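First comes the structure, then the notes that go with it.
The values are calculated or read from the model by the stated rules, or taken from the named source; none is laboratory data. Keep in mind that what you see is a predicted model, and the values were worked out from it rather than measured. A quick note on method: Cβ atoms are made from the backbone with ideal geometry, for glycine too, and the neighbour counts reach across all protein chains shown. Surface areas here come from the heavy atoms of the whole protein model, side chains and all, with no ligands, DNA or RNA. Shrake-Rupley method; radii C 1.70, N 1.55, O 1.52, S 1.80 Å.
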Amino acid sequence: MYWRRATTATILRRTMTNHSPLPTPLGDVPTATFRAAMHRVADMVADYLDRVGEYPVLPRIAPGEVRAALPASPPPAPEALDDLLADYRRIIEPNVTHWNHPGFMAYFAITGSAPGILGEMLAAGLNVNAMLWRTGPAPTELEELVTDWLRQMIGLPAAFRGHINDTASISSLLAIAAARHRVNGGDVRTRGMAGRSDLPALTVYASEQAHSSVDKAVITLGLGHENLRKVDVDAEFRMDVAALEQAIAEDRAAGKRPIAIVATAGTTSTTSVDPLRATAAVARREGLWLHVDAAYAGSAAICPEYRALLDGLEEADSVVLNPHKWLFTPVDCSVLLLRDPEAMRAAFALTPEYLRTGDSGVTNLMDYGPQLGRRFRALKLWFVIRAFGVRGLQDRIRAHCALAQEFASWVLAERGFEVCAPHPFSTVCFRAVTGGATASEDALNERILAEVNAAGPVFLSHTRLRDRIVLRLSVGNLRTAREHVAKAWELVRAAAARG
Ligand SMILES: *Cc1c(COP(=O)(O)O)cnc(C)c1O
């Protein structure tokens, strides 16, 4: 119809007269502007790493201050990248907790190392989503390759295949999901668990020192928190295998169905290592999946002398270790190694029509968990392993352990302090002791921690062992040197002297 065409033409003409020429071209920021900003960012990151040690580890900031410094609503008009970078520098950078600080010795210290940062930046440029081999051939194959390098580095059999998740929490959840899938030939996947009289409670076993992520995994998987059995530990905080066997026997007698054991190699409080070989024997005999949570100490296993402390690791069905924890890879990068990857595939693989490809003989990483999209995390890990080499990584792990051992020797030699647990790796639990009442000793240690952390140069954390407040110092940052550990000790002693 002529009038309709005329109307369209009029609308088009009006559009063009009203809106053209546009104030800026559409599309991304122009290449020249981006390139200049990217160079500035390179300088900002390098400068930050150079002077991060000058910041207090914990920013001196009250809740709400960052938000209050920023506009509450988004900018209607474009802003210059230089302004963004200036605000980043002024408001954001000083107000993070500085995990890349040499004085960061709380929790488990980590490092976003230079090669890892390069990998992370390049991955951002590619912006690849490696859900399928087809959607990310190099990322998929590099993820397979670099997790196999790691497998070799920690001495696991060739059968193990790896993939990368965001966190150990998710890696452990997936391992327990694979264990759950073995029940009744995979029927939980089809029928679920609710409303079934034929399905007993499914139980999981971990030591009472296991990480809270195991609790969250059983909660998330619908197993029920009470069906995570917390097994007692021995005097050195390792799972008591006799108590484990007894718990399994009791549950079976009560009609429950044990499905998995989570052993920890390097517990979060003390870095104790459960007896892996004996636990594996129980798992084998009972037909249970053995998952080993080696989020921290798995990195140390690249050194033969520390791998020896994880004897029996090779007997596991699955192992998680976090290169983003102690292998100098930027957050996030958690590697899950599976003896039988098909068990994980069976639990999760599901391909809708729109994700079908004709590719055969390839890995589609979406098959190994619930997530479809996948960031290219293998690149940064590949850069880290290549830039330092296995020997360089081993030397750094050993140096961190040596610093922690030296710190422990200072504590041991000091009257009024004690070391509270074995410290086989780079983490030491210690406390001030007065011989007074428990409550007043705990209060003293809490005061020491608060004063030390308020000082600025270092950040320590705490835990509770045998119902006592215990301080923790963990070495794991590439910038941490003897002087930083010595500073921590000086601050602790001074705070203790003040009482
Ligand atoms: C740090 C840690 C975790 C949790 O790691 P995320 O990657 O943050 O989930 C789990 N288990 C152990 C033993 C850990 O030390």
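Would you pull out the residues with amide H under 5 Å of Met131's amide H, same chain only if 5 or more places away, H placed 1.01 Å from N?
So Met131 has HN proximity to Arg374.
Any chance you could look up the accessible area of Leu126 with a 1.4 Å probe, heavy atoms only, rounded to 10 Å²?
For Leu126, solvent-accessible area is about 110 Å².
May I ask for log10 I(q)/I(0) of the range 132-227 at q = 0.15, 0.16 Å⁻¹, from a Debye sum over the Cα atoms as equal point scatterers with solvent left out?
-0.79, -0.86
Considering only C-alpha atoms, what is the centroid distance from the range 172-241 to the range 49-119, in Å?
38
Would you kindly compute the Cα radius of gyration of the range 432-489 and its largest Cα-Cα separation (Dmax), both in Å?
12.7, 39
Given the -39500 (n - 2.57) contribution per DSSP H run of 4+ residues, what per-residue ellipticity at 222 nm results for the chain, rounded to the nearest 500 deg cm²/dmol?
Estimated from H runs of four or more residues: -14000 deg cm²/dmol.
Return the FRET efficiency for the residue pair Glu483, Ala249: r is the Cβ-Cβ distance, R0 is 45 Å, and the value is rounded to the nearest 0.05.
0.25
Roll a 1.4 angstrom probe over the protein heavy atoms and tell me the percent of accessible area of the range 31-96 that is carbon or sulfur.
Taking all protein chains in place, the range 31-96 shows 59 percent carbon and sulfur surface.
Roughly what % of DSSP beta bridges within the chain run antiparallel, to the nearest 5?
55
At a Cα cut-off below 29 Å, give the lysines reachable from Lys230, other chains included and same-chain residues fewer than 8 away excluded.
Lys216, Lys256, Lys325
Across the range 165-177, in residue order, what do the Karplus-derived ³J(HN,Hα) couplings come to in whole Hz, using 6.51 cos²θ - 1.76 cosθ + 1.60 with θ = phi - 60° and x for Gly and Pro?
The phi angles translate into 10, 6, 9, 5, 4, 6, 4, 5, 4, 5, 4, 5, 5 Hz.
Taking the Cα of Glu65, stepping 7 Å toward and past its beta carbon, and measuring to each backbone N in the range 89-108: which are under 14 Å?
Only 90-98 pass the distance filter.
How many nm separate the modelled label positions at Glu141 and Asp311, each set 7 Å beyond the Cα in the direction of the Cβ?
For Glu141 paired with Asp311, the spin-label model returns 4.1 nm.
By its C-alpha gyration tensor, with a ≥ b ≥ c as the square roots of the eigenvalues, how is the range 274-405 shaped: rounded for a/c under 1.5, else prolate for a/b larger than b/c, else oblate?
oblate
About the Cα centre of the range 386-498, what is the dipole size in debye to 20, counting +1 per Lys and Arg Cβ and -1 per Asp and Glu Cβ, all else neutral?
400
Tyr88 accessible area, nearest 10 Å², 1.4 Å probe?
90
Plugging the Kirkwood radius over Cα pairs into Stokes-Einstein for the range 129-375, at a temperature of 25 °C and a viscosity of 0.890 mPa s, what D comes out in µm²/s?
After rounding, the answer is 134 µm²/s.
Provide the per residue accessible area, probe 1.4 Å, for the range 31-96, rounded to a whole number of square angstrom.
Averaged over the residues of the range 31-96, the accessible area is 72 Å².
Could you report the range 113-201's accessible area per residue, 1.4 Å probe, as an integer in Å²?
43
Carbon-plus-sulfur fraction of the accessible area of the range 278-402, 1.4 Å probe, in percent?
Reported share for carbon and sulfur atoms: 52 percent.
Based on Cβ point charges of +1 for Lys and Arg and -1 for Asp and Glu, what charge dipole magnitude is obtained for the chain about its Cα centre, in debye rounded to the nearest 20?
In debye, rounded to 20, the chain gives about 1180.
At 1.4 Å probe size, with the rest of the protein present, what percent of the exposed accessible area of the range 116-270 is carbon and sulfur atoms?
About 52 percent, which is the carbon plus sulfur part of the accessible surface.
Toward the positive end of the charge dipole of the chain, about the Cα centre and with charges on Cβ (Lys, Arg +1; Asp, Glu -1), which of Val188, Ile302, Leu244 goes farthest?
Of the options given, the answer is Val188.
Just need log10 I(q)/I(0) for the range 380-434 at q = 0.18, 0.30 Å⁻¹, Debye formula, equal scatterers on the alpha-carbon atoms, no solvent, rounded to two decimals.
Relative scattering, expressed as log10 I(q)/I(0), comes to -0.64, -1.08.
How many Å² of accessible area per residue for the range 386-498, probe 1.4 Å?
44
Which Cys in the chain stand alone, with every other cysteine's Cβ at 4.7 Å or more from theirs?
Those would be Cys303, Cys333, Cys401, since no other cysteine Cβ in the chain comes under 4.7 Å of theirs.
Hey, got the dipole for the range 111-202? About the Cα centre, +1 on K and R Cβ, -1 on D and E Cβ, debye to the nearest 20?
420
For the range 381-477, report the % of Cα-Cα distances exceeding 21 Å.
In whole percent, the long-distance tail amounts to 42.
Two-decimal Rg/Rh of the range 249-337 from alpha-carbon positions, Kirkwood Rh?
1.04
Using the Cα atoms of the chain to build a convex hull, what is its mean projected area in square nanometres?
31.8
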